[in-house]
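Q: One structure follows; several queries about it will come next.
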Amino acid sequence: MHATTLLTTAALAIGASAQQSYKASFTQYGSGDQNNSGNCNVKTTACGYYTQPGYSAAISQNEFGAGPGQGAGPGCGTCWKLTIETNSSGQKVSNAGNSIVVKVTNLCPAQGNPLCAQNGLSGTNQYGANLNFDTCIDSGASKALFGSSGVGLGVGTAVEVNCNQWSGTVVH
C-alpha cells in the first residue's frame, strides 16, 4: 500500500510539472523594423531592463499582466521556449522546428494591435495563437528564431520554461 501511494504521488508530481504548450505567433521589432520602433534592447522597456547578451521579446498584454504605462507586469522576467513551424499563411518554413529561449522584457500592447489582443490564454488572435511574442531584433532573438526562412511573421509553439534554460544577463 505504501509503495502504491509513493508511486501515485510521484506520478501526480510528474503530471503537475508538465509544461503547458501554447500556440503562438512570432513577430519582430526594433532597430530597422518597418514601424521605425528604435532599439528594443534598452532599459526603457516596460520591465525596466534589457538583456546583454541574451534573447528577449515582448509578450502579449494578456500574459504580460499590465497595460501600457502601468510598468512591469507579472510577465516580466519569465522565460519561454519558442519554436517556429509555419509562416502566417500556414506553410511550413524552411527552418521549421527551430527553437530559442527568450526572456520577457517588454509588453506587446493589445490596443490597436490585434496580434497581441487575445482575451486571456484561451483567446486567440487572427492566426489562432494564444500568445504573440514580438522578438527583439537588437537582442538577436529575431535572427535566431526566423533564421534565413525569409518570413517576418511566424506561427508555432511557446512553452514557459525555467530561466536556467535561458542564456544571458539582465542589465538594469
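Q: If you scan the range 18-33, which residues turn out to be in contact (Cβ under 8 Å) with a residue 24 or more places away in the chain and not hydroxyl-bearing (Ser, Thr, Tyr)?
A: Those that are in contact (Cβ under 8 Å) with a residue 24 or more places away in the chain and not hydroxyl-bearing (Ser, Thr, Tyr): Gln19, Gln20, Lys23, Ala24, Phe26, Gln28, Gly30, Gly32, Asp33.
Q: Any residue in the range 105-125 that is modelled with pLDDT under 95 sitting within a Cβ distance under 6 Å of a residue that is assigned to a loop (DSSP other than H, G, I, E, B)? List the pairs, counting only those 6 or more apart or interchain.
A: Within 6 Å, the pairs are Leu121/Asn130.
Q: Go through (1) of a type outside the set (Asp, Glu); (2) assigned to a loop (DSSP other than H, G, I, E, B); (3) without any contact (Cβ under 8 Å) to a residue 60 or more places away in the chain; (4) surrounded by 16 or more Cβ atoms within 10 Å (Cβ to Cβ) for Gln70 and report which single condition fails.
A: The single condition Gln70 does not satisfy is (4).
Q: Only one of Ala46, Ala24 is surrounded by 16 or more Cβ atoms within 10 Å (Cβ to Cβ), at pLDDT 95 or above and part of a strand (DSSP E or B). Can you tell me which? Break it down stepwise before answering.
A: Numbers: Ala46 fails: part of a strand (DSSP E or B).
Of Ala46, Ala24, the one residue that is surrounded by 16 or more Cβ atoms within 10 Å (Cβ to Cβ), at pLDDT 95 or above and part of a strand (DSSP E or B) is Ala24.
Q: Only one of Gly30, Gly54 is at pLDDT 95 or above, under 19 Å from Ala141 (Cβ atoms) and touching a Cys at 6+ places or on another chain (Cβ under 6 Å). Can you tell me which?
A: When all the criteria are applied, what remains is Gly30.
Q: Also, quick follow-up: Might you check whether a residue that is basic (Lys, Arg), crowded, with 24+ Cβ neighbours inside 10 Å and under 20 Å from Gly30 (Cα atoms) occurs anywhere in the range 142-155?
A: Within the range 142-155, none of the residues are basic (Lys, Arg), crowded, with 24+ Cβ neighbours inside 10 Å and under 20 Å from Gly30 (Cα atoms).
Q: Next question, about the same structure. Can you name the condition, by its number, that Gln91 falls short on among (1) more than 27 Å from Thr44 (Cα to Cα); (2) at pLDDT below 95?
A: Going through (1) more than 27 Å from Thr44 (Cα to Cα); (2) at pLDDT below 95 one by one, Gln91 breaks only (2).
The values are calculated or read from the model by the stated rules, or taken from the named source; none is laboratory data. It should be emphasised that the depicted structure is a prediction, and the values quoted were computed from it without experimental measurement. Every residue, glycine among them, receives a Cβ derived from its backbone with ideal geometry; neighbour counts consider all protein chains shown.
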